[in-house]
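Q: Sharing a structure below in C-alpha coordinates format, with a few things to ask.
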Amino acid sequence: MNISTSQALFEKAQGFIPGGVNSPVRAFRAVGGSPVFIKSAKGPYVYDEDDNEYIELINSWGPMILGHGHELIQKAVSDAIQHSFSFGAPTRREVEIAELIVSMVPSIEKVRMVNSGTEATMSAIRVARGFTGRDKIIKFEGCYHGHGDSFLIAAGSGAVTFGTPDSPGVTKGVANDTLTAPYNDLEAVQKLVDANKGAIAALILEPVVGNMGCVLPAEGFLEGLRKICDEEGIVFIFDEVMTGFRLSKGGAQERFGIKPDLTTLGKIIGGGMPVGAYGGKAEIMNWVSPLGPVYQAGTLSGNPIAMAAGLTMLNYLNEHPEVYTQLEVSGHKLVNGFTNSIKKLGLNYTINSIGSMYTLFFTEQAVTDFPSAKTSDLPLFGKYFHAMLDRGIYMGPSQFESMFLSTALENSHIDRIIQANEESLKEVIG
Ligand code: HOZ
(Lines give C-alpha, C1' and ligand atoms only; values in the text may rest on other atoms or scores of the structure.)
Protein backbone atom coordinates (compact mmCIF):
# COMPACT_ATOMS: atom_id res chain seq x y z
CA MET A 1 0.00 0.00 0.00
CA ASN A 2 1.36 3.42 -0.94
CA ILE A 3 1.28 5.83 2.00
CA SER A 4 4.12 8.05 0.79
CA THR A 5 2.16 11.32 1.13
CA SER A 6 1.22 10.45 4.71
CA GLN A 7 4.84 9.55 5.44
CA ALA A 8 6.07 12.87 4.04
CA LEU A 9 3.48 14.81 6.05
CA PHE A 10 4.41 12.92 9.20
CA GLU A 11 8.08 13.66 8.71
CA LYS A 12 7.33 17.36 8.23
CA ALA A 13 4.97 17.39 11.21
CA GLN A 14 7.76 16.19 13.54
CA GLY A 15 9.48 19.55 13.01
CA PHE A 16 6.54 21.61 14.25
CA ILE A 17 4.27 19.46 16.41
CA PRO A 18 5.46 17.35 19.40
CA GLY A 19 5.68 13.81 18.03
CA GLY A 20 4.04 15.03 14.82
CA VAL A 21 0.49 14.73 16.17
CA ASN A 22 -2.03 16.68 18.22
CA SER A 23 -3.05 13.68 20.32
CA PRO A 24 -0.46 11.02 21.21
CA VAL A 25 -2.17 7.74 20.23
CA ARG A 26 -2.44 8.96 16.63
CA ALA A 27 1.36 8.76 16.20
CA PHE A 28 1.13 4.93 15.80
CA ARG A 29 4.03 4.53 18.24
CA ALA A 30 2.32 1.60 19.94
CA VAL A 31 2.06 -0.30 16.67
CA GLY A 32 5.07 1.05 14.78
CA GLY A 33 5.16 2.58 11.35
CA SER A 34 3.86 5.89 10.12
CA PRO A 35 0.30 7.13 10.75
CA VAL A 36 -1.97 7.59 7.78
CA PHE A 37 -3.13 11.20 7.36
CA ILE A 38 -6.84 11.39 6.69
CA LYS A 39 -8.16 13.61 3.94
CA SER A 40 -11.87 12.86 3.96
CA ALA A 41 -14.51 10.39 5.06
CA LYS A 42 -18.02 9.41 4.06
CA GLY A 43 -20.36 6.85 5.58
CA PRO A 44 -18.33 3.79 6.66
CA TYR A 45 -15.14 4.86 4.85
CA VAL A 46 -12.13 7.10 5.50
CA TYR A 47 -9.68 8.12 2.79
CA ASP A 48 -6.04 9.00 3.37
CA GLU A 49 -3.84 11.54 1.60
CA ASP A 50 -2.73 8.83 -0.85
CA ASP A 51 -6.40 8.05 -1.64
CA ASN A 52 -6.39 4.68 0.09
CA GLU A 53 -9.86 3.69 1.29
CA TYR A 54 -10.43 2.11 4.71
CA ILE A 55 -13.50 0.78 6.52
CA GLU A 56 -13.88 2.71 9.76
CA LEU A 57 -13.66 1.06 13.17
CA ILE A 58 -12.58 4.18 15.06
CA ASN A 59 -15.20 6.67 13.90
CA SER A 60 -13.28 9.57 15.44
CA TRP A 61 -13.02 7.52 18.67
CA GLY A 62 -16.78 7.32 18.94
CA PRO A 63 -18.59 10.47 17.81
CA MET A 64 -19.45 9.32 14.28
CA ILE A 65 -22.08 6.84 15.42
CA LEU A 66 -24.09 7.46 12.23
CA GLY A 67 -21.00 7.20 10.03
CA HIS A 68 -19.17 10.11 8.41
CA GLY A 69 -20.76 13.14 6.80
CA HIS A 70 -24.34 12.38 7.79
CA GLU A 71 -26.53 14.63 5.60
CA LEU A 72 -28.69 16.00 8.43
CA ILE A 73 -25.70 17.05 10.50
CA GLN A 74 -23.96 18.54 7.48
CA LYS A 75 -27.05 20.58 6.72
CA ALA A 76 -27.43 21.74 10.33
CA VAL A 77 -23.82 22.94 10.38
CA SER A 78 -23.98 24.64 7.01
CA ASP A 79 -27.23 26.40 8.00
CA ALA A 80 -25.71 27.50 11.31
CA ILE A 81 -22.55 28.99 9.82
CA GLN A 82 -24.67 31.47 7.85
CA HIS A 83 -25.25 33.27 11.17
CA SER A 84 -21.56 33.61 12.20
CA PHE A 85 -19.43 31.20 14.21
CA SER A 86 -19.42 32.31 17.81
CA PHE A 87 -21.26 34.84 19.97
CA GLY A 88 -20.06 34.23 23.52
CA ALA A 89 -23.71 34.78 24.48
CA PRO A 90 -26.66 32.48 25.19
CA THR A 91 -28.51 30.95 22.24
CA ARG A 92 -31.78 29.09 21.67
CA ARG A 93 -30.07 25.81 20.75
CA GLU A 94 -28.27 25.63 24.10
CA VAL A 95 -31.66 25.53 25.82
CA GLU A 96 -32.95 22.94 23.38
CA ILE A 97 -29.95 20.65 23.72
CA ALA A 98 -29.99 20.91 27.53
CA GLU A 99 -33.69 20.00 27.60
CA LEU A 100 -33.04 17.08 25.26
CA ILE A 101 -30.08 15.75 27.29
CA VAL A 102 -32.17 15.91 30.47
CA SER A 103 -34.93 13.94 28.74
CA MET A 104 -32.53 11.31 27.33
CA VAL A 105 -30.06 10.64 30.18
CA PRO A 106 -31.88 9.16 33.20
CA SER A 107 -29.90 10.80 36.03
CA ILE A 108 -29.36 14.27 34.57
CA GLU A 109 -31.58 17.05 35.91
CA LYS A 110 -29.35 19.99 34.95
CA VAL A 111 -26.44 20.14 32.51
CA ARG A 112 -23.60 22.52 31.59
CA MET A 113 -22.02 22.43 28.11
CA VAL A 114 -18.22 22.57 27.75
CA ASN A 115 -15.81 21.94 24.88
CA SER A 116 -14.38 18.46 25.53
CA GLY A 117 -14.64 15.37 27.68
CA THR A 118 -11.54 16.51 29.57
CA GLU A 119 -13.23 19.78 30.53
CA ALA A 120 -16.31 17.85 31.58
CA THR A 121 -14.45 15.52 33.96
CA MET A 122 -12.29 18.30 35.41
CA SER A 123 -15.38 20.39 36.07
CA ALA A 124 -17.40 17.50 37.48
CA ILE A 125 -14.85 16.73 40.19
CA ARG A 126 -14.51 20.41 41.06
CA VAL A 127 -18.27 20.59 41.62
CA ALA A 128 -18.17 17.36 43.63
CA ARG A 129 -15.41 18.85 45.79
CA GLY A 130 -17.31 22.09 46.25
CA PHE A 131 -20.53 20.27 47.08
CA THR A 132 -19.00 17.86 49.61
CA GLY A 133 -16.27 20.13 51.00
CA ARG A 134 -13.87 17.21 50.58
CA ASP A 135 -10.64 16.91 48.54
CA LYS A 136 -9.93 13.33 47.56
CA ILE A 137 -11.30 11.36 44.64
CA ILE A 138 -11.23 7.67 43.75
CA LYS A 139 -10.55 6.57 40.19
CA PHE A 140 -9.84 3.15 38.75
CA GLU A 141 -6.55 1.87 37.34
CA GLY A 142 -6.69 1.93 33.56
CA CYS A 143 -9.70 4.23 33.35
CA TYR A 144 -9.01 7.40 31.41
CA HIS A 145 -10.90 10.60 32.07
CA GLY A 146 -9.05 13.00 29.81
CA HIS A 147 -5.83 14.80 30.58
CA GLY A 148 -6.79 16.80 33.67
CA ASP A 149 -4.08 16.61 36.36
CA SER A 150 -6.21 14.65 38.82
CA PHE A 151 -6.78 11.86 36.32
CA LEU A 152 -3.24 11.22 35.09
CA ILE A 153 -2.67 8.71 37.84
CA ALA A 154 -2.72 5.07 36.68
CA ALA A 155 -4.41 6.39 33.54
CA GLY A 156 -5.45 4.33 30.52
CA SER A 157 -5.62 5.17 26.79
CA GLY A 158 -2.57 7.01 25.40
CA ALA A 159 -1.11 7.40 28.89
CA VAL A 160 -0.70 3.64 29.34
CA THR A 161 0.03 3.09 25.65
CA PHE A 162 3.13 5.26 26.02
CA GLY A 163 4.14 3.91 29.42
CA THR A 164 3.29 7.10 31.30
CA PRO A 165 0.16 6.27 33.32
CA ASP A 166 1.43 8.75 35.97
CA SER A 167 2.38 11.93 34.13
CA PRO A 168 5.28 14.15 35.17
CA GLY A 169 3.98 17.68 35.70
CA VAL A 170 1.21 16.58 38.05
CA THR A 171 2.04 17.97 41.50
CA LYS A 172 2.42 15.64 44.49
CA GLY A 173 -0.46 17.43 46.16
CA VAL A 174 -2.83 16.68 43.29
CA ALA A 175 -1.55 13.12 42.99
CA ASN A 176 -2.08 12.58 46.72
CA ASP A 177 -5.71 13.52 46.36
CA THR A 178 -6.30 10.86 43.70
CA LEU A 179 -6.76 7.38 45.16
CA THR A 180 -6.83 4.44 42.78
CA ALA A 181 -8.45 1.03 42.96
CA PRO A 182 -8.43 -1.94 40.59
CA TYR A 183 -11.47 -1.99 38.27
CA ASN A 184 -14.14 -4.50 39.28
CA ASP A 185 -12.76 -4.74 42.83
CA LEU A 186 -15.42 -3.57 45.29
CA GLU A 187 -13.46 -4.73 48.31
CA ALA A 188 -10.51 -2.52 47.36
CA VAL A 189 -12.87 0.46 47.07
CA GLN A 190 -14.40 -0.26 50.46
CA LYS A 191 -10.89 -0.40 52.00
CA LEU A 192 -9.96 2.96 50.46
CA VAL A 193 -13.18 4.50 51.71
CA ASP A 194 -12.66 3.08 55.22
CA ALA A 195 -9.09 4.39 55.32
CA ASN A 196 -10.19 7.88 54.19
CA LYS A 197 -13.43 8.41 56.12
CA GLY A 198 -15.08 11.74 55.36
CA ALA A 199 -12.32 12.75 52.92
CA ILE A 200 -13.58 11.44 49.59
CA ALA A 201 -15.52 13.86 47.44
CA ALA A 202 -16.10 11.72 44.36
CA LEU A 203 -15.73 8.33 42.82
CA ILE A 204 -15.40 8.44 39.04
CA LEU A 205 -15.35 5.57 36.58
CA GLU A 206 -16.11 4.54 33.05
CA PRO A 207 -19.19 2.34 33.61
CA VAL A 208 -17.94 0.33 30.65
CA VAL A 209 -14.25 1.00 30.11
CA GLY A 210 -13.08 1.96 26.65
CA ASN A 211 -9.64 3.18 27.56
CA MET A 212 -7.84 -0.02 28.55
CA GLY A 213 -9.57 -1.67 25.67
CA CYS A 214 -13.21 -2.56 26.20
CA VAL A 215 -13.74 -3.89 29.74
CA LEU A 216 -17.18 -4.59 31.21
CA PRO A 217 -18.31 -4.06 34.79
CA ALA A 218 -18.68 -7.34 36.67
CA GLU A 219 -22.12 -8.34 37.90
CA GLY A 220 -22.97 -6.18 40.91
CA PHE A 221 -19.96 -3.86 40.56
CA LEU A 222 -21.86 -0.70 39.64
CA GLU A 223 -24.59 -1.46 42.18
CA GLY A 224 -21.93 -2.01 44.87
CA LEU A 225 -20.26 1.30 44.07
CA ARG A 226 -23.63 3.09 44.18
CA LYS A 227 -24.22 1.64 47.66
CA ILE A 228 -20.78 2.64 48.97
CA CYS A 229 -21.21 6.18 47.62
CA ASP A 230 -24.66 6.46 49.22
CA GLU A 231 -23.38 5.23 52.58
CA GLU A 232 -20.40 7.61 52.58
CA GLY A 233 -21.91 10.71 50.96
CA ILE A 234 -19.54 10.39 47.98
CA VAL A 235 -20.56 11.91 44.65
CA PHE A 236 -20.81 8.99 42.22
CA ILE A 237 -19.68 10.05 38.71
CA PHE A 238 -20.13 8.08 35.51
CA ASP A 239 -17.73 9.14 32.79
CA GLU A 240 -19.94 8.44 29.79
CA VAL A 241 -17.81 10.31 27.26
CA MET A 242 -17.54 7.05 25.29
CA THR A 243 -20.68 5.20 26.37
CA GLY A 244 -23.11 8.14 26.41
CA PHE A 245 -25.70 7.95 23.59
CA ARG A 246 -23.85 4.84 22.36
CA LEU A 247 -24.77 1.92 24.60
CA SER A 248 -28.35 3.18 24.50
CA LYS A 249 -29.86 6.59 24.03
CA GLY A 250 -29.49 7.09 27.79
CA GLY A 251 -25.97 5.63 27.81
CA ALA A 252 -24.57 2.96 30.14
CA GLN A 253 -26.69 4.22 33.04
CA GLU A 254 -29.87 3.37 31.13
CA ARG A 255 -28.47 0.05 29.97
CA PHE A 256 -27.41 -1.05 33.47
CA GLY A 257 -30.22 0.69 35.34
CA ILE A 258 -27.90 2.55 37.73
CA LYS A 259 -28.18 6.29 38.35
CA PRO A 260 -24.97 8.17 39.13
CA ASP A 261 -25.04 11.59 40.82
CA LEU A 262 -23.09 13.27 38.02
CA THR A 263 -22.38 12.23 34.43
CA THR A 264 -19.72 13.48 32.05
CA LEU A 265 -20.39 13.44 28.31
CA GLY A 266 -18.44 14.11 25.13
CA LYS A 267 -17.89 12.67 21.64
CA ILE A 268 -21.37 11.81 20.24
CA ILE A 269 -22.90 14.83 22.01
CA GLY A 270 -21.13 17.10 19.52
CA GLY A 271 -21.90 15.08 16.40
CA GLY A 272 -18.17 15.31 15.58
CA MET A 273 -17.67 18.90 16.79
CA PRO A 274 -15.69 19.63 19.99
CA VAL A 275 -18.36 19.40 22.69
CA GLY A 276 -18.49 18.01 26.21
CA ALA A 277 -20.99 18.35 29.03
CA TYR A 278 -21.42 17.50 32.67
CA GLY A 279 -24.69 17.20 34.46
CA GLY A 280 -26.62 15.43 37.16
CA LYS A 281 -28.68 16.05 40.26
CA ALA A 282 -29.96 19.61 40.47
CA GLU A 283 -28.86 19.93 44.10
CA ILE A 284 -25.25 19.33 42.99
CA MET A 285 -25.37 21.25 39.69
CA ASN A 286 -26.84 24.25 41.54
CA TRP A 287 -23.35 24.70 43.01
CA VAL A 288 -22.07 25.75 39.58
CA SER A 289 -21.47 29.47 38.95
CA PRO A 290 -23.33 31.83 38.58
CA LEU A 291 -25.97 30.04 40.67
CA GLY A 292 -23.42 28.65 43.09
CA PRO A 293 -19.82 29.32 44.11
CA VAL A 294 -18.00 26.67 42.03
CA TYR A 295 -16.48 28.54 39.10
CA GLN A 296 -16.41 27.11 35.59
CA ALA A 297 -16.70 29.08 32.34
CA GLY A 298 -15.78 29.09 28.64
CA THR A 299 -15.88 31.56 25.75
CA LEU A 300 -16.66 28.81 23.25
CA SER A 301 -18.91 26.76 25.54
CA GLY A 302 -22.22 26.16 23.81
CA ASN A 303 -20.69 27.32 20.52
CA PRO A 304 -23.55 27.78 18.02
CA ILE A 305 -22.05 25.62 15.27
CA ALA A 306 -21.19 22.82 17.67
CA MET A 307 -24.66 23.04 19.22
CA ALA A 308 -26.28 22.78 15.79
CA ALA A 309 -24.33 19.57 15.08
CA GLY A 310 -24.91 18.11 18.56
CA LEU A 311 -28.59 18.95 18.72
CA THR A 312 -29.22 17.39 15.31
CA MET A 313 -27.31 14.26 16.30
CA LEU A 314 -29.12 13.84 19.62
CA ASN A 315 -32.53 14.56 18.10
CA TYR A 316 -31.87 11.91 15.49
CA LEU A 317 -30.80 9.33 18.09
CA ASN A 318 -33.77 10.19 20.27
CA GLU A 319 -36.21 9.72 17.42
CA HIS A 320 -34.62 6.62 15.86
CA PRO A 321 -34.44 3.76 18.38
CA GLU A 322 -33.67 1.44 15.46
CA VAL A 323 -30.12 2.89 15.50
CA TYR A 324 -29.45 0.94 18.69
CA THR A 325 -31.04 -2.23 17.38
CA GLN A 326 -28.86 -2.05 14.29
CA LEU A 327 -25.71 -1.43 16.34
CA GLU A 328 -26.48 -4.42 18.57
CA VAL A 329 -27.01 -6.65 15.54
CA SER A 330 -23.81 -5.41 13.86
CA GLY A 331 -21.82 -5.85 17.07
CA HIS A 332 -23.08 -9.43 17.51
CA LYS A 333 -22.38 -10.34 13.91
CA LEU A 334 -18.85 -8.99 14.06
CA VAL A 335 -17.97 -10.55 17.40
CA ASN A 336 -19.46 -13.94 16.39
CA GLY A 337 -17.42 -13.84 13.20
CA PHE A 338 -14.23 -13.00 15.13
CA THR A 339 -14.94 -15.73 17.70
CA ASN A 340 -15.44 -18.34 14.99
CA SER A 341 -12.17 -17.36 13.29
CA ILE A 342 -10.26 -17.42 16.56
CA LYS A 343 -11.56 -20.92 17.34
CA LYS A 344 -10.95 -22.12 13.80
CA LEU A 345 -7.32 -21.03 14.05
CA GLY A 346 -6.92 -22.87 17.36
CA LEU A 347 -6.42 -19.61 19.28
CA ASN A 348 -7.91 -18.61 22.58
CA TYR A 349 -7.80 -14.83 22.52
CA THR A 350 -10.27 -12.75 24.50
CA ILE A 351 -12.90 -10.52 22.91
CA ASN A 352 -14.74 -8.12 25.16
CA SER A 353 -17.76 -6.44 23.69
CA ILE A 354 -21.00 -4.69 24.41
CA GLY A 355 -23.30 -3.25 21.76
CA SER A 356 -21.17 -1.33 19.30
CA MET A 357 -17.92 -1.39 21.33
CA TYR A 358 -15.37 -4.20 21.26
CA THR A 359 -11.69 -5.05 21.76
CA LEU A 360 -9.85 -8.17 20.66
CA PHE A 361 -7.15 -8.70 23.29
CA PHE A 362 -4.08 -10.73 22.38
CA THR A 363 -4.20 -12.66 25.63
CA GLU A 364 -5.79 -15.90 26.71
CA GLN A 365 -6.77 -14.44 30.07
CA ALA A 366 -10.18 -12.98 30.77
CA VAL A 367 -9.72 -9.20 30.70
CA THR A 368 -11.53 -7.68 33.65
CA ASP A 369 -9.12 -5.00 34.83
CA PHE A 370 -5.87 -3.20 34.06
CA PRO A 371 -3.41 -5.99 35.03
CA SER A 372 -5.27 -8.53 32.89
CA ALA A 373 -5.44 -6.08 29.93
CA LYS A 374 -1.68 -5.70 30.24
CA THR A 375 -1.09 -9.44 29.77
CA SER A 376 -1.81 -8.85 26.07
CA ASP A 377 0.96 -9.52 23.55
CA LEU A 378 1.54 -5.94 22.39
CA PRO A 379 4.05 -6.63 19.58
CA LEU A 380 1.62 -9.18 18.16
CA PHE A 381 -1.19 -6.63 18.35
CA GLY A 382 1.04 -4.20 16.41
CA LYS A 383 1.53 -6.75 13.64
CA TYR A 384 -2.18 -7.52 13.56
CA PHE A 385 -3.02 -3.81 13.40
CA HIS A 386 -0.86 -3.38 10.30
CA ALA A 387 -2.20 -6.55 8.70
CA MET A 388 -5.71 -5.14 9.13
CA LEU A 389 -4.67 -1.70 7.81
CA ASP A 390 -3.11 -3.34 4.75
CA ARG A 391 -6.49 -4.99 4.15
CA GLY A 392 -8.28 -1.65 4.33
CA ILE A 393 -9.54 -1.77 7.92
CA TYR A 394 -8.86 1.33 10.02
CA MET A 395 -8.60 0.45 13.73
CA GLY A 396 -7.45 2.27 16.85
CA PRO A 397 -3.63 1.97 16.85
CA SER A 398 -3.34 0.55 20.37
CA GLN A 399 -4.34 -2.59 22.22
CA PHE A 400 -5.70 -0.34 24.98
CA GLU A 401 -8.58 1.16 23.02
CA SER A 402 -12.10 0.11 22.14
CA MET A 403 -13.33 0.01 18.56
CA PHE A 404 -16.58 1.84 17.75
CA LEU A 405 -19.07 0.67 15.14
CA SER A 406 -21.38 3.00 13.24
CA THR A 407 -24.75 2.53 11.58
CA ALA A 408 -23.05 3.18 8.23
CA LEU A 409 -21.62 -0.36 8.37
CA GLU A 410 -23.71 -2.72 6.29
CA ASN A 411 -23.55 -6.51 6.39
CA SER A 412 -21.12 -6.54 3.47
CA HIS A 413 -18.70 -4.29 5.40
CA ILE A 414 -18.92 -6.48 8.47
CA ASP A 415 -18.22 -9.55 6.34
CA ARG A 416 -15.14 -7.80 4.97
CA ILE A 417 -13.93 -6.94 8.48
CA ILE A 418 -14.44 -10.54 9.62
CA GLN A 419 -12.53 -11.85 6.63
CA ALA A 420 -9.71 -9.33 7.12
CA ASN A 421 -9.52 -10.32 10.77
CA GLU A 422 -9.16 -14.01 9.94
CA GLU A 423 -6.53 -13.37 7.27
CA SER A 424 -4.65 -10.97 9.55
CA LEU A 425 -4.64 -13.41 12.45
CA LYS A 426 -3.35 -16.14 10.14
CA GLU A 427 -0.63 -13.83 8.88
CA VAL A 428 0.61 -12.73 12.30
CA ILE A 429 0.56 -16.07 14.07
CA GLY A 430 2.51 -17.56 11.16
N1 HOZ B 1 -7.59 9.36 23.96
C2 HOZ B 1 -8.34 9.06 22.80
C3 HOZ B 1 -8.79 7.66 22.76
N4 HOZ B 1 -9.11 7.05 23.97
C5 HOZ B 1 -7.57 9.37 21.54
C6 HOZ B 1 -8.05 10.62 20.96
C7 HOZ B 1 -7.38 11.00 19.64
O8 HOZ B 1 -6.22 10.73 19.43
O9 HOZ B 1 -8.06 11.62 18.87
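The values are calculated or read from the model by the stated rules, or taken from the named source; none is laboratory data. Source: prediction; values computed, not measured. When we count neighbours, we look across all protein chains shown, and the Cβ atoms used for this are built from the backbone with ideal geometry, even at glycine. Accessible surface areas use protein heavy atoms only, side chains included; no ligands, DNA or RNA. Shrake-Rupley method; radii C 1.70, N 1.55, O 1.52, S 1.80 Å.
Q: With a 1.4 Å probe and all protein chains kept in place, how do THR359, THR312 rank by accessible area, largest first?
A: Details: THR359 5, THR312 35 Å².
The residues order as THR312, THR359, largest area first.
Q: How many nm separate the modelled label positions at GLU187 and GLU219, each set 7 Å beyond the Cα in the direction of the Cβ?
A: 1.8 nm
Q: Let me ask something additional. Keeping all protein chains in place and using 1.4 angstrom, which order do TYR316, TYR358, TYR324 fall into by accessible surface area, from largest down?
A: TYR316, TYR324, TYR358
Q: Report the gain in length on full extension from GLU283 to ALA199: 0.36 nm times residue separation, minus Cα-Cα distance, nm rounded to one decimal.
A: Taking 0.36 nm per residue and subtracting the Cα distance, the gain is 28.2 nm.
Q: Note the direction-averaged projected area, equal to a quarter of the hull surface, for the Cα convex hull of the chain, in nm².
A: 20.0 nm²
Q: Right, another one. Where the only charges are on Cβ atoms (+1 Lys, Arg; -1 Asp, Glu), what is the dipole of the range 218-302 about its Cα centre, to the nearest 20 debye?
A: Working: 8 positive and 10 negative charges, 79 e Å.
Computed charge dipole of the range 218-302: roughly 380 debye.
Q: With all protein chains present, how much of the accessible area of the range 101-143 (probe radius 1.4 Å) comes from carbon and sulfur, to the nearest whole percent?
A: Working: 630 of 1370 Å².
Carbon and sulfur together cover 46 percent of it.
Q: For the range 1-103, what relative contact order do you get, as a whole percent, if you take Cα pairs closer than 8 Å and at least 6 residues apart?
A: Reported as a whole number, the value is 19 percent.
Q: Can you tell which of VAL323, GLN7, ALA41 lies farthest toward the positive end of the dipole of the chain, using +1 and -1 charges on the Cβ of basic and acidic side chains (Lys, Arg; Asp, Glu)?
A: Ranked along the dipole, the leading option is GLN7.
Q: I'd like the antiparallel share, as a percent to the nearest 5, of DSSP beta bridges with both residues in the chain.
A: 55 percent
Q: With charges only on Cβ, +1 for K and R and -1 for D and E, what is the dipole size of the chain about its Cα centre, in debye, rounded to 20?
A: 460 debye
Q: Which of GLY198, GLY331, GLY271 moves the most in a Gaussian network model of the chain with Cα springs under 10 Å?
A: Among GLY198, GLY331, GLY271, the largest mean-square fluctuation in the Gaussian network model of the chain belongs to GLY198.
Q: Further question on the same structure: Could you give the length gained on full extension between LYS343 and SER86, defined as 0.36 nm per residue of separation minus the Cα-Cα distance, in nm?
A: Gain on stretching LYS343 to SER86: 87.1 nm.
Q: Using a 1.4 Å probe and counting only protein heavy atoms, arrange TRP61, TRP287 so the residue with the most accessible area comes first.
A: Descending order: TRP287, TRP61.
Q: Direction-averaged shadow area of the convex hull around the Cα atoms of the range 181-287, nm²?
A: Orientation-averaged projected area of the Cα hull: 7.2 nm².
Q: Per-residue ellipticity at 222 nm for the chain, helices alone: DSSP H runs ≥ 4 residues times -39500 (n - 2.57), over residue total, nearest 500 deg cm²/dmol?
A: On the way: 15 runs with 166 residues, N = 430.
That calculation yields -11500 deg cm²/dmol at 222 nm.
Q: Residue by residue through the range 57-68, which ³J(HN,Hα) values in whole Hz follow from phi under the Karplus form 6.51 cos²θ - 1.76 cosθ + 1.60 (θ = phi - 60°), with glycine and proline marked x?
A: 10, 9, 6, 6, 6, x, x, 7, 5, 9, x, 7
Q: Quick one: net charge of THR118's neighbours, Cβ under 11 Å, K/R +1, D/E -1?
A: So the environment of THR118 carries a net charge of -3.
Q: Also, quick follow-up: Taking a probe of 1.4 Å, how large is the accessible area per residue of the range 264-410, in Å²?
A: On a per-residue basis, the range 264-410 sits at 36 Å².
Q: Please name whichever of GLN296, LEU216, ILE284 sits farthest to the positive end of the charge dipole of the chain, dipole taken about the Cα centre and charges placed at Cβ: Lys and Arg +1, Asp and Glu -1.
A: Checking the options against the dipole of the chain, the answer is GLN296.
Q: Enter the accessible area per residue of the range 110-204 (Å², integer; probe 1.4 Å; all protein chains in place).
A: 38 Å²
Q: If ligands, DNA and RNA are left out, what is the accessible area of ILE38 with a 1.4 Å probe, given in Å² to the nearest 10?
A: Approximately 70 Å² of ILE38 is accessible to the 1.4 Å probe.
Q: Suppose R0 equals 25 Å; then what is the FRET efficiency for MET1 and LYS426 from their Cβ-Cβ distance, rounded to the nearest 0.05?
A: According to the calculation, E is roughly 0.85.
Q: Using Cα pairs closer than 8 Å and at least 6 residues apart in sequence, work out the relative contact order for the chain, in percent. Before the final figure, lay out each step's value.
A: Working: 878 pairs, mean separation 97.5, N = 430.
Relative contact order for the chain comes out at 23 percent.
Q: Mean shadow of the range 111-216, computed from the convex hull of its alpha carbons, in nm²?
A: With the hull built on Cα positions only, its mean projection is 7.0 nm².
Q: What net charge do the residues around TYR324 carry, taking every other residue with its C-beta under 11 Å from that of TYR324, with Lys and Arg at +1 and Asp and Glu at -1?
A: 0
Q: Give the aspartates and glutamates reachable from LYS39 as a straight Cα distance under 12 Å; neighbours fewer than 8 places away on the same chain don't count.
A: ASP48, GLU49, ASP50, ASP51, GLU53
Q: Strictly over 23 Å apart at the Cα level, which of LYS267/LYS374; LYS249/LYS374; LYS75/LYS281; LYS139/LYS281; LYS42/LYS383; LYS75/LYS259 would you flag in this model?
A: Beyond 23 Å: LYS267/LYS374; LYS249/LYS374; LYS75/LYS281; LYS42/LYS383; LYS75/LYS259.
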